[in-house]
Amino acid sequence: MRHNDNLAAGIDDTIQYVTVIIGGQLFGLPISQVHDVFVPESVTRVPLAAPEVAGVLNLRGRIVTAIDMRKRLHLPDRGENAQVMAVGIEHKGESYGLVIDQVGEVLRLSNDSMEPNPSNLDKRWAEISGGVHRLDGKLMIILDVGRLFGAMFEPMVAA
Amino acid sequence: MDDLLSEFLTETNESLDVVDVELVKFEQEPNNAKILDNIFRLVHTIKGTCGFLGLPRLEALAHAGETLMGKFRDGAKVTPEAVSLILSSIDRIKEILADLEAAGGTEPEGSDDDLISELERMSLAAVAGGAAAQDEPVAEEEGVASGGLVEQVLERPLRPGEVSLDELERAFREAEVEVELPVSAPVSEIEADAEMEAEAAAPPPPRAIRPRVREEEAAPRESAEKGEKKASVSSQSIRVAVETLEHLMTMVSELVLTRNQLLEIVRRHEDSEFKVPLQRLSNVTAELQEGVMKTRMQPIGNAWQKLPRIVRDLSQELDKPIELEMIGAETELDRQVLELIKDPLTHMIRNSADHGLEMPVDRRAAGKPEKGTITLSAYHEGGHIIIEVKDDGRGIDVDRVKAKVLERGLASEAELDKMTDQQIHKFIFHAGFSTAQNVTSVSGRGVGMDVVRNNVELIGGTIDLRSVPGRGSSFIIKIPLTLAIVSALIVEAGGDRFAIPQLSVVELVRVQSNSEHRIERIKDTPVLRLRNKLLPLVHMSQLLGVGPNNGGQEIESDTGFIVVMQVGSQTFGVVVDGVFHTEEIVVKPMSSMLRNLTMFSGNTILGDGAVIMIIDPNGVASAMASHASSVVAEGERKEAEEAMTSALDGQSTVSMLLFRAGSPEPKAVPLSLVTRLEEFEVSKIEHSNGRDLVQYRGALMPLVYIEASQTRRADGTQPMLVFSDAGRSMGLVVDEIVDIVEDRLNIEVGSDRPGILGSAVIKDKATEIIDLGYYLPQAFEDWFMRKEMDISALTKKVLLVDDSAFFRNMLTPVLKAAGYDVTAVTGPHQAFELLENGDAFQAIVSDIEMPEINGFEFCEALRRDPRFRKIPILALSAVVSPASIERGRQAGFDDYVAKFDRPGLIASLKDLFAGEMGIAA
């Protein structure tokens, strides 16, 4: 991971992304932000929490807050017994797990292929998207972790 | 910042706190040379170290202060102004130290000439014609203050070889001090300084926190121990960085978790060979945990150090003489908790001084000593520490709180009317009361009390308040000893498990629809009848919005467990589906995304590896209050009603003997008062000396008629109630014994008619309750007199406290009959009044179930007062269970007697006095 980090930082105009699929859509997370990928097991529900909080779980002795990205993106629920994966990230010293459908490959993408969010993108998506990469035959939305959490904390502070 | 400097900062800050305390003490006892020596030595050390480290501003200031104190030692008069001046110099030193720390070792710019010249002026004034030698240091010190020479030292880091000039100066100063004060400057300290200089970069002599505290407390012994102290302290204690301890604690916490996991695994495999070694591991872990915990323990006195100074300043500022009494400073608690409790405590002390205590004029008018007292006490209770801040001021003005509550719209007038004073007091913790200006004009209390409450709750504690108008208020804080590891009850609700901190769990009740504990409803609100009290209930899954039907439905099933919780003075039940076990859990903070959930205080990993949410009792309590405020209010109203009825009947049913005599309406007397029910052949009734008598057990028993119109039967047998006492008996003639019923005795209508206490509804019928005290003397005029005469020399004054007129009327004659001089009052307030007025009683007999202040609280309050610590107090209660007896013992009662157990009461009193006399003899 660290090695990749250096690579990502070393070459100016390319960034490595861990790609994930949420509700059929391809998303990319900058690899430097991804700590691990795991299968979320025995998740404890947290009553009264925001709907996108799937719960808390024990990941090797650390308590991780799981966020259901489908809920976050206002996508329909995946059915029962559907396979899920989670991407572990750190935000301000706390551990979070983004619950997604599937993890894809790691892509090294040049900034050239990146474009800002299209103006007609669903506002709730635009909120957490750092731009769009044009790939062969599909589009990859960049998940901006900072914005993801920013958007999640602010309404709560107000509440 | 180099190590030396940071050591210096820590050390000096500690010393300054001590100086603060000592100075305040010194001001009160200006002639105590020991205190002065102590201060002098500390300031001297600070000065010396500053000089050594090249901190000219600090050094100059400390020096000027030291000079003035030197004058005190030489016998100059100690004036409050001088002490104030030294205190403000110390404050300045603290400021400089803070800047120094922030700047990473560079002394801030600025001049202290104002203070220094003032200090010098005072020193000179103090000497007047005194020692001439004092001028020298002043002059020299001025040179330092303007100091070009130290600047250079500051600009580069300390190099031992280059400070020779400083060292030289230090040597001078050292010598000078030794000449000045050869006797009192503690030699060991100077040696320590010298040693330190010699080693240049070596840290100051290690002095662990604990010995330091002992050192302050044991000031008188100090000089004697001085020689050996230095050796023992340096060899037996080391300074350890707080981070090291914190890390250790974290590791131990993890170890506890792992141990729990292992235990869980072994629990599943009954005959595992791991069992024995694991048991050992478990024991060792527990010991390790305790050991590490101990290293984090500090006496609470550390958090109190600043208080005497604050109180002194406030006392001057407000022009009120205030005494601060501190009890239990050695009580230890976790340093993390200690840090967190410091500010709230300071705040509360300020509040008490500012608003709680009256002005001296008012105090005098109220017949109190002019000097107000604030008592700060701490003690351990279970796994918690209780801190109490108490003042003997005016107490909380309920009416003004009410007015404010109304003005702020926090409650309606109707709601307020139904609240007890205690409930009203609690409004001062309400956020709406926090604006200073408003509050001061309201109740004189509550400036930021909501902040205090929040802080206390933040560390899992609770705060409670008791106030008696005119006598003062006390705030009681209950906090866990440590935050890191708590004992929790694991429960299940709505299919999920939750942890409830044991701190707030009072008991567990199992409910089943057919058992004695069942859930009842007032409108739709579930309540539980628990020992004759109504407990508001809430289903946890409802509270948390989890569970299958997410409504009030599951509570209908009426089975499950009720976790009875107490938060402050609020008690309520939380219905859960299952209760597992208790477990030591390591509280881990929730992620910031979940921190807005007031219902949880954190989460943890259980032995089986699952994450579990920890319930925050305070969150639940406030949710109960707001969630269903209307319904709960109804519950409370019912509770209040019950409390009112219970005021009369002691909250429980009483066996009553129903009979008819004279008139057709039923009459009743408590069965326990009746010695025997007898029927006599009418022919056996004799008439002699104008009254009816029967021969009964070899003696003549006079008969008494309830009403003059009553006639005895012409033939057959005549039923009567026999009352016996000390060999004498009386027969109360009745027409018919109707029944014996268990019912609440609730005298609703009082009576003016002699012989009748009043009317109560018993078995749905209005029934007259007869006053035995009226009839007994009719049989023997001297029924109450004779024994009093016999033992008049031994007559003891007994105070009877009972809110129920019935029991006062009933027990007063009983006690009188036993030869006591009885004074009956209607409640603790009146009792306090009498006691305050100096009425002496040899014993107090108190009811338990009373409104406002119950018997337990009354007794606890008495026991807290040194004047009443020894007086025998007897509890009288309708509820006598092992638990209540234990509760009574804890409250400080000497004995616990059932309300109708008349012989028991007399015997118990006799025992008390017998014991007392035994001791006296």
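The values are calculated or read from the model by the stated rules, or taken from the named source; none is laboratory data. Everything numeric here is computed off the predicted structure, so don't read it as measured data. Cβ: placed from backbone, ideal geometry, glycine included. Neighbour counts: every protein chain shown.
Identify the residue in segment B:469-496 that is modelled with pLDDT of 85 or more and within 16 Å of the chain's Cα centre (by Cα) and, among all such residues, is nearest to the other protein chains (Cβ to nearest Cβ).
B:477
Looking at residue B:798, is it modelled with pLDDT of 70 or more, in contact with a Lys or Arg (Cβ under 8 Å, 6 or more places away or on another chain), buried (at least 16 other Cβ atoms within 10 Å of the Cβ) and not assigned by TED's automatic domain parsing to the domain that holds residue B:722?
For residue B:798, the condition - modelled with pLDDT of 70 or more, in contact with a Lys or Arg (Cβ under 8 Å, 6 or more places away or on another chain), buried (at least 16 other Cβ atoms within 10 Å of the Cβ) and not assigned by TED's automatic domain parsing to the domain that holds residue B:722 - is not met.
Each row is one residue, and each column tells you yes or no for (1) surrounded by fewer than 16 Cβ atoms within 10 Å (Cβ to Cβ); (2) β-branched (Val, Ile, Thr).
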site	(1), (2)
B:871	no, yes
B:875	no, no
B:880	no, yes
B:893	no, no
B:907	yes, no
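Would you list the strands (runs of 3 or more DSSP E) that sit entirely within segment B:245-348 and hold 1 or more residues that are surrounded by fewer than 16 Cβ atoms within 10 Å (Cβ to Cβ)?
Counting at least 1 such residues, we get B:322-327.
Within segment B:874-888, identify whether any single residue is part of a loop (DSSP other than H, G, I, E, B), within 24 Å of the chain's Cα centre (by Cα) and of a type in the set (D, E, K, R), and answer yes or no.
So far as segment B:874-888 goes, no, none of its residues is part of a loop (DSSP other than H, G, I, E, B), within 24 Å of the chain's Cα centre (by Cα) and of a type in the set (D, E, K, R).
State which residue is farthest from the other protein chains (Cβ to nearest Cβ) when the search covers only segment A:63-113 and only residues that are assigned to a helix (DSSP H, G or I) and surrounded by fewer than 22 Cβ atoms within 10 Å (Cβ to Cβ).
Filtering first and then ranking leaves A:112.
One line per residue, one yes/no per condition, for (1) farther than 20 Å from residue B:621 by Cβ; (2) modelled with pLDDT of 80 or more; (3) in the same structural domain as residue B:469 (by TED's automatic domain parsing):
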residue	(1), (2), (3)
B:405	no, yes, yes
B:417	yes, yes, yes
B:424	no, yes, yes
B:435	yes, no, yes
B:449	no, no, yes
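Answer with yes or no whether residue B:58 is part of a helix (DSSP H, G or I), within 18 Å of residue B:17 (Cβ to Cβ) and in contact (Cβ under 8 Å) with a residue 12 or more places away in the chain.
yes
Taking segment A:106-118, which residues are farther than 16 Å from residue A:18 by Cα and at pLDDT 85 or above?
Scanning segment A:106-118 gives A:115, A:116, A:117, A:118.
Scan segment B:854-874 and give yes if some residue there is farther than 28 Å from residue B:742 by Cβ, free of Cβ contacts under 8 Å to residues at least 24 places away in the same chain and not charged (D, E, K, R), otherwise no.
Yes, the conditions are met somewhere in segment B:854-874.
Tell me which residues, restricted to segment B:818-855, are in a helix (DSSP H, G or I) and surrounded by fewer than 21 Cβ atoms within 10 Å (Cβ to Cβ).
B:829, B:830, B:833, B:834, B:835, B:836
Enumerate the pairs (first residue in segment B:354-367 and more than 17 Å from residue B:324 (Cα to Cα); second residue anywhere and surrounded by 20 or more Cβ atoms within 10 Å (Cβ to Cβ) and charged (D, E, K, R)) with beta-carbon separation below 8 Å, excluding pairs fewer than 6 apart on the same chain, so at least 6 apart or on different chains.
Sorted first by the residue in segment B:354-367, then by its partner, the pairs are B:362/B:394; B:366/B:358; B:366/B:394.
Working carefully through the options B:72, B:52, B:40, find the one that is at pLDDT below 75, crowded, with 19+ Cβ neighbours inside 10 Å, at negative phi and not in a loop (DSSP other than H, G, I, E, B).
Among B:72, B:52, B:40, only B:52 is at pLDDT below 75, crowded, with 19+ Cβ neighbours inside 10 Å, at negative phi and not in a loop (DSSP other than H, G, I, E, B).
Exactly one condition in (1) modelled with pLDDT under 75; (2) assigned to a strand (DSSP E or B); (3) small (Gly, Ala, Ser) is not met by residue B:793; state its number.
The number of the failed condition is (2).
With respect to residue A:56, is the statement that it is within 14 Å of another protein chain (Cβ to nearest Cβ), in a strand (DSSP E or B), surrounded by 17 or more Cβ atoms within 10 Å (Cβ to Cβ) and touching a Phe, Trp or Tyr at 6+ places or on another chain (Cβ under 8 Å) true?
no
Hey, any hits in segment A:41-50 for a residue that's more than 10 Å from every other protein chain (Cβ to nearest Cβ) and either more than 14 Å from the chain's Cα centre (by Cα) or under 20 Å from residue A:101 (Cβ atoms) (or both)?
Checking segment A:41-50: not a single residue is more than 10 Å from every other protein chain (Cβ to nearest Cβ) and either more than 14 Å from the chain's Cα centre (by Cα) or under 20 Å from residue A:101 (Cβ atoms) (or both).
Test residue B:521 against the criterion of being surrounded by fewer than 16 Cβ atoms within 10 Å (Cβ to Cβ), at pLDDT below 80 and either more than 28 Å from the chain's Cα centre (by Cα) or within 14 Å of chain A (Cβ to nearest Cβ) (or both), and give yes or no.
When the stated conditions are applied, residue B:521 passes them.
Scan segment B:730-760 residue by residue and report those that are buried (at least 19 other Cβ atoms within 10 Å of the Cβ), at pLDDT 80 or above and either not β-branched (Val, Ile, Thr) or not in a strand (DSSP E or B) (or both).
Correct list: B:730, B:731, B:732, B:734, B:735.
Residue check, residue B:47 against (1) more than 21 Å from residue B:7 (Cβ to Cβ); (2) of a type in the set (D, E, K, R); (3) assigned to a helix (DSSP H, G or I), all met but one. Which one?
That leaves (1) as the condition not met.
Can you confirm whether residue B:913 is more than 23 Å from residue B:674 (Cα to Cα) and modelled with pLDDT of 80 or more?
When the stated conditions are applied, residue B:913 does not pass them.
Are there strands (runs of 3 or more DSSP E) fully within segment B:584-701 with at least 3 residues that are within 14 Å of another protein chain (Cβ to nearest Cβ), modelled with pLDDT of 75 or more and in contact with a strand residue (DSSP E or B) (Cβ under 6 Å, 6 or more places away or on another chain)? List them.
Hits in segment B:584-701: B:600-605, B:611-615.
Suppose the filter is out of contact with any Ser or Thr (no Cβ under 7 Å at 6 or more places or on another chain) and either within 14 Å of another protein chain (Cβ to nearest Cβ) or on the phi > 0 side of the Ramachandran plot (or both); does residue A:123 pass it?
No: the conditions fail for residue A:123.
If you check residue B:443 against the conditions, is it under 23 Å from the mean Cα position of the chain (by Cα), hydroxyl-bearing (Ser, Thr, Tyr) and at pLDDT below 80?
Spelling it out, residue B:443 is indeed under 23 Å from the mean Cα position of the chain (by Cα), hydroxyl-bearing (Ser, Thr, Tyr) and at pLDDT below 80.
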